[in-house]
Amino acid sequence: MVLGSDGGDRWPFRARDEELAVVVAEIARAEDARNEPGGVVVAGPAGVGKTRLLTEARLRTCPDNPLVIGTRSAALIPYGAVSHLAPGSSLQHHSDAASWYSDVGAALAGADGHRGVLMVDDAHLLDGPSAALVLHLAVTASVTVIATIRHGEECPDPVSALWRDGLTRRIDLQPFSRAETEALITEVLGGPVGGRAVQRLAETCAGNALFVHEVLTAARASGALTTVDGVWRWNGEVPTVPRLVDAIEARMSGVDDRARRALAMVALGEPLDVELAEAVVGSEALAAAERSGLIRITGEAHSETCAPTHPLYGEVVLNGLGFFERRRLAGDLADALAATGPSDDRTRLLLTRRRLEAGRDVSAAELLAAAVIANDAFDFDLGATLADQALGAGAGALASVARARAANALGDAESAARLLADAEDEILETGSLELHERYVDAGFNALHMALGRSDDALAMLERCASAGTRFDAAHGVALADLAAAYRARVLVHRGRFDEVITLGEQVLNRSDTPDLARLHALQTTGEALAYQGRTTTARRIHDELRALAATGRREVVIGAVWAGMQEVLCLSQEGRMTDAAPIVELAVEAMRTSADEEARGLVHVVLAAVRLGQGRPVSARQALLDAIHAYRGFDAGGGRVWALAMLAQAEAMMGRAKEAREALEACNRDRDALGGVRSELDFALAEAYVAMVQGRTTAAPRIMLDAAESFDGNVMFRIRAQHLAAVLGADAGPLVESMTQLAAATECDFPAHCVTHVRALAEADAPTLEAVAMSFAELGLTLRAAEIAAQASRVFRAAGVHAGAARTAARSRAFVAECEGSVTFALSGLGEVDVLSPREHEVAEMAARGCSNRDIAEALSLSVRTVESHLYKVFAKLGVEQRSELCGMLVGPERRGRSENQ
Amino acid sequence: MSDEALYDDLPAMMAVALRLHRAGHDEATIAIATGIPVEGVDSLVRLAEAKLARLRDTRD
C-alpha cells in the first residue's frame, strides 16, 4: 500500500490482528451462549486506533448493523445517540422505558433470530439515558455490546458498569511498539525506510496511529520525507501539522491552566527532576497534569523525572505560549535550576539554554562549557551556536576549538581548519593538556579526515609535539605520544602497516603512556595487525582496548566499540563472515538511536563489507545507502567514497550496470583526495566488477592483478587481490608461489585456503576445488563458494567426469540461491545440467529430510517403485550417489522465486 | 530466539504485563504497574501472549 501524496488512501490495518480476533471471538461466543451477557469494551488513548478496530470488527461481523457514536453535542439530548436504532418505534409510544428497550433489542436482532451486535464508538460521550439503554441491552443479553472509550475521560456509570460488573471483557489498546510502527511506516510508504527516518518517526509518534498518519502525510507534503536512491529519508524538522495540533488541542480542551503550565514547564526541562518540578510549578499543578494524562513519571525510586506523556504534547503547548509567557517560564526554570545547582552535564546545559531564553546574562565560561557539552552529546547545531556566542563573549581560543569541532561535524571542515590555524599560537601557549588534546583531535579531523590534507595534519602534529617541551615533562610526553598516535593514523591510511606496528609498540610498551594516546595507539596497531593477517596478535590488542575502556574514563570508553569493530575486521580477514555478521548486526542495532553520524556511517560500511562477503548485494546496498546518508555532513576519512566503491560492487553483483557505473564515477570524483589504502581493495574490486557487468571480462582480472602489484608490503590486501584475480579468470599458475609466501607470514588459515584454491585451479584439480568451495561456504563466503563450485564443475566436465560436473553445478546453484540474486561472470558456463522436475524436486526434498522411500510414497500417493525411479533420476542429474549428499544441493521453489525476483 | 529477546518488539506495557505475570505477580500488581483497571489485566496478558507467539513464529 502506498500513501497518496494527500494521505487520502485507505490506511492499512496493522498490528491489531490479536485484538480483532478477541472481538470477533467474543461476538461468536456470545452468540452461542444465548442468555449470557457478552461483549468487549475497547479502551485507549486518543488516536491509538480504537475506532478503526471497531470498524474492522463491524465489517467482519455485522456490516449492516447501525453504529452508535457518542459525541459532545448529542450528549446534551436524552437518547440523542441511540434514537436511530429502532426507526419504527419511539419512546413516546411506550408506557415505560423498558418496553421501548425491548423494541430496540428486537430491532438489532438478526433476521434469523440471531443475537444482535451493538457497536458504540466513544461510549464515554453517551448521554445518561443512552448509556442506560446500552447497559440494559447488555444485562438482558439482548445484544452483544462492542464499545470504545477513551483513557482519561470520565465515563457514565452505566458504561463503566459494562466491564466493572463483568458484562463485557475490557481490552486496553496499546500504542504500537517500535517494530510495529516501522512495519506500518514501511507499508504505507511502499518502500524501504532509512533507520534514522524510522527512529525519528517512531520517537515523534510514540506508537500513536493517528500521529503516524498525520506526521507522515505532512512530512511528505513538506518535503521532510523524500526518497533518495529508493530509500525514504528524513531531511528536516517535524512539520507543524494543523490537523495534529487540532487533535492535540482537542485532547487538552478540558485541561485547566495550571496543568497546561505544568506541562509547558516539564516540556522546557524534559526530563525534569520531580523535586525541581514541584519547586517551580507546585505539586497541585503537576498532579492535575498527571491526572489529565499529560505528563508521566519515569526513573528509579528517589530519582524520578517527569516528561510529557507524548513528545508532541510539549511541542504543541510550548508553541501556544506567547513570547513573554515562555520567557517567564524559562526564567523561572533557570532560577530553580540555579538554586538547586546543576547536578550533571545535561542540567548544566539546560540551565544555560534557559538563561539565554530568559534574556539573562550568561558568562563566556558558561557558554563555552555548554558548547562543549552540546558537542559531546552530538548536538552540533547547538554546539556551534553556543560556541559562537562564547567567542562573541570573549572566550577566546577555547571557544575556537569547540566551534571547529562543531564545524567539522556539520561538514564545514574548511572553516574549522581556518579557525584552528588562527587560534593555534594562543592554544599552544596555554598549559591545558585537555585543550591540547581537543585541539589535536579537531585539527586532525579537519585536515586529514575531512579535507585529505594529510601533510598539513602531520605538520600540525609536529608543531604540537614540539610545543610540549614548553611545559612540564608529563605534559610534554603526553603531547608527544598523542602526536605519535595520530601520526600512526595517517600511516594506516597510507598503508604503511609495519611502521604503524613498530610505532605502536614504542608507545604501548611504556607504562607512563597517557590513556588517550594509548587508546589511539591500540586502535591503529590493532588495525595494522589485522591488515597484515596477524589476527592472533591483534586480538591481544583488542583485549587491551577493552580493559582500557573498562576504566570508565570518558575519552576512552569508545575503546570497547572499537574493539568490537576490530574483531569484525579480524574475522573478515579470516574470511569468517558467518561469525562476523551477528557482531556487526548488534553494533548497527546499537547505533540506530545514536546521534553520532560518523560512527553510524562506519558500522554500516562494516556491515556492507560483511554482506558483500556473504554474497548478499541487496542487503549490502541497503546498508551502504544508510552509510552514505550518515556521511552526508562529514565524510570522515573517506568513509563516503569507500561506501560508494562498495555500492558499485553491490550494483554490479545485482547486474545493474548503469547504477554500478554511476556509483563508481561518484567514488572516483573524491577518491584521490579522501580515499586511503583501507579502501583501495574495494576501489579495485569496484572497477573489476563494473568491467565484468559491462562485459569487459578480460579487463577484470587485469585490474585485480594491477591492484595486487600496488599492494607491495600489505599482506592481506595483496593476497586477496591475487585470489580475486584468479576467481575472475586470471592465469592461476604464476600466482601460487607469491601467495604461498604471503600466506606464510600470516597468523590465520584463510590465506592458505586461497592458496589451495589457486593451486587447484592451476592444476585443474576438480576434487580440491569442490572441497575448497565447501570450506568457503562453511565460512559464510557463499557467493565465492558458488563461483568456486562452478569452476570445479567446469574442470570436472572438461575431464569427462559428468557426475562430478553435475554435482558441483547443483551445489553452485544452491549457493547462488542464497545470494539475493547475485550474478557474476565466474558463475557462467555451468553446463547443460538437467533441472529437476517439480515431482523429482519434491521427492528429493523429502529424501534430503530423511524420509524413507515408503514415507515419501505414502505422503505423495505414489508407489515405492515410482519413488525409487524419481530418486534414480535425481541422483543422476545431481551427480550424487547417496541421499545424504542431497542436503544443501536443492534450490527450493520458494528460494528460486525469491532470487529471481531480486 | 528466546522470549526475552522478543519482548522489545512488544508494545511496552504488554511487555511489562507479561514479565510481571510470568514472574507470578497478581492482577492487582500488574494493574498498578501498567496503569489500567484490574478488569483489563487478563486481556492485556492474553494479548501479549498472542503477540509474542506470533513474533516467535515469524522469527523462527
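The values are calculated or read from the model by the stated rules, or taken from the named source; none is laboratory data. Everything quoted here is computed from the prediction, not taken from an experiment. Cβ placement follows ideal geometry from the backbone for every residue including glycine, while neighbour counts extend to all protein chains displayed.
Out of the residues in region A:377-394 meeting the condition of being without any contact (Cβ under 8 Å) to a residue 60 or more places away in the chain and of a type in the set (D, E), tell me which one is surrounded by the fewest Cβ atoms within 10 Å (Cβ to Cβ). Step through it out loud before you land on a result.
Taking region A:377-394 as the starting set, the residues that turn out to be without any contact (Cβ under 8 Å) to a residue 60 or more places away in the chain are A:380-394.
Imposing the further condition that a residue be of a type in the set (D, E) reduces the set to A:381, A:388.
Working: A:D381: 11, A:D388: 16.
Across region A:377-394, the extreme among qualifying residues is A:D381.
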- Query: Of everything in region A:832-859 that's crowded, with 17+ Cβ neighbours inside 10 Å and not in a helix (DSSP H, G or I), which residue is modelled with the lowest pLDDT?
  - Reply: A:V833
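Among A:A147, A:A183, A:A221, which is surrounded by fewer than 18 Cβ atoms within 10 Å (Cβ to Cβ) and within 14 Å of chain B (Cβ to nearest Cβ)? Break it down into steps so the answer makes sense when it comes.
Values: A:A147 fails: surrounded by fewer than 18 Cβ atoms within 10 Å (Cβ to Cβ); A:A221 fails: within 14 Å of chain B (Cβ to nearest Cβ).
That would be A:A183, the only listed residue that is surrounded by fewer than 18 Cβ atoms within 10 Å (Cβ to Cβ) and within 14 Å of chain B (Cβ to nearest Cβ).
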- Spot the failing condition for B:H21; the list is (1) buried (at least 20 other Cβ atoms within 10 Å of the Cβ); (2) within 11 Å of chain A (Cβ to nearest Cβ), and only one is missed. (2)
- Query: When you go through (1) more than 10 Å from every other protein chain (Cβ to nearest Cβ); (2) touching an Asp or Glu at 6+ places or on another chain (Cβ under 8 Å); (3) of a type outside the set (D, E, K, R) one by one for A:V212, which number turns out not to apply?
  - Reply: (2)
- Message: I'd like the full set of residues that are more than 10 Å from every other protein chain (Cβ to nearest Cβ) and farther than 25 Å from A:T181 by Cα, limited to region B:32-51.
- Response: B:I32
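Taking the condition within 27 Å of A:L428 (Cβ to Cβ) and part of a helix (DSSP H, G or I), does A:A338 pass?
On the way: within 27 Å of A:L428 (Cβ to Cβ): no; part of a helix (DSSP H, G or I): yes.
Here the answer is no, as A:A338 does not meet what is asked.
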- Note on the structure: Going through (1) surrounded by fewer than 20 Cβ atoms within 10 Å (Cβ to Cβ); (2) within 13 Å of another protein chain (Cβ to nearest Cβ) one by one, B:M14 fails only at (1)
- Query: For region A:442-463, how many residues are free of Cβ contacts under 8 Å to residues at least 60 places away in the same chain and either buried (at least 23 other Cβ atoms within 10 Å of the Cβ) or over 30 Å from A:R671 (Cα atoms) (or both)?
  - Reply: 8
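What are the residues in region A:491-514 that are touching a Gly at 6+ places or on another chain (Cβ under 9 Å) and part of a helix (DSSP H, G or I), if any?
Just the residues of region A:491-514 that are touching a Gly at 6+ places or on another chain (Cβ under 9 Å), to begin with: A:492-498, A:504.
Within region A:491-514, A:V492, A:H493, A:F497, A:D498, A:G504 qualify.
Could you list, in sequence order, the residues of region A:235-259 that are at pLDDT 80 or above and more than 30 Å from A:A285 (Cα to Cα)? Lay out the reasoning, then the answer.
Applying the first criterion (at pLDDT 80 or above) to region A:235-259 yields A:256-259.
Result: no residue meets the conditions.
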- Task: Give me a count of the residues in region A:154-180 that are surrounded by fewer than 23 Cβ atoms within 10 Å (Cβ to Cβ) and assigned to a helix (DSSP H, G or I).
- Result: 8
- Query: Just wondering, is there one or more residues in region A:450-465 that are in contact with an Asp or Glu (Cβ under 9 Å, 6 or more places away or on another chain), under 24 Å from A:V568 (Cα atoms) and at pLDDT below 90?
  - Reply: no
- Check A:R14, A:R72 and return the single one that is surrounded by fewer than 12 Cβ atoms within 10 Å (Cβ to Cβ), closer than 27 Å to A:V212 by Cβ and in contact with a helix residue (DSSP H, G or I) (Cβ under 7 Å, 6 or more places away or on another chain). A:R72
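From the list A:L625, A:L569, A:L612, pick out the single residue that is assigned to a helix (DSSP H, G or I), under 27 Å from A:S775 (Cα atoms) and in contact with a Gly (Cβ under 9 Å, 6 or more places away or on another chain). I'd like the intermediate steps shown before the answer.
Working: A:L625 fails: under 27 Å from A:S775 (Cα atoms); A:L612 fails: in contact with a Gly (Cβ under 9 Å, 6 or more places away or on another chain).
That would be A:L569, the only listed residue that is assigned to a helix (DSSP H, G or I), under 27 Å from A:S775 (Cα atoms) and in contact with a Gly (Cβ under 9 Å, 6 or more places away or on another chain).
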- Message: Here is a list: B:R59, B:R46. Which entry is in contact (Cβ under 8 Å) with a residue 40 or more places away in the chain and either surrounded by fewer than 18 Cβ atoms within 10 Å (Cβ to Cβ) or small (G, A, S) (or both)?
- Response: B:R59
- Message: Just to check your reading of the model, which residue among A:R178, A:R170 is within 14 Å of chain B (Cβ to nearest Cβ), out of contact with any Leu (no Cβ under 9 Å at 6 or more places or on another chain) and touching a residue at least 24 places away in the same chain (Cβ under 8 Å)?
- Response: A:R178
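For region A:362-371, state whether one or more residues are more than 21 Å from A:R261 (Cα to Cα), surrounded by fewer than 17 Cβ atoms within 10 Å (Cβ to Cβ) and more than 36 Å from the chain's Cα centre (by Cα).
First, pick out the residues of region A:362-371 that are more than 21 Å from A:R261 (Cα to Cα): A:362-371.
Now drop any that are not surrounded by fewer than 17 Cβ atoms within 10 Å (Cβ to Cβ), which leaves A:363, A:365.
Next, from what is left, pick out any that are more than 36 Å from the chain's Cα centre (by Cα): A:363, A:365.
Scanning region A:362-371 turns up at least one residue that is more than 21 Å from A:R261 (Cα to Cα), surrounded by fewer than 17 Cβ atoms within 10 Å (Cβ to Cβ) and more than 36 Å from the chain's Cα centre (by Cα).
Which of the residues that make up region A:774-786 are in contact with a Ser or Thr (Cβ under 7 Å, 6 or more places away or on another chain) and buried (at least 24 other Cβ atoms within 10 Å of the Cβ)? Spell out the reasoning first.
Step one: filter region A:774-786 for residues in contact with a Ser or Thr (Cβ under 7 Å, 6 or more places away or on another chain), giving A:779-780, A:783, A:786.
The answer is A:L783, A:A786.
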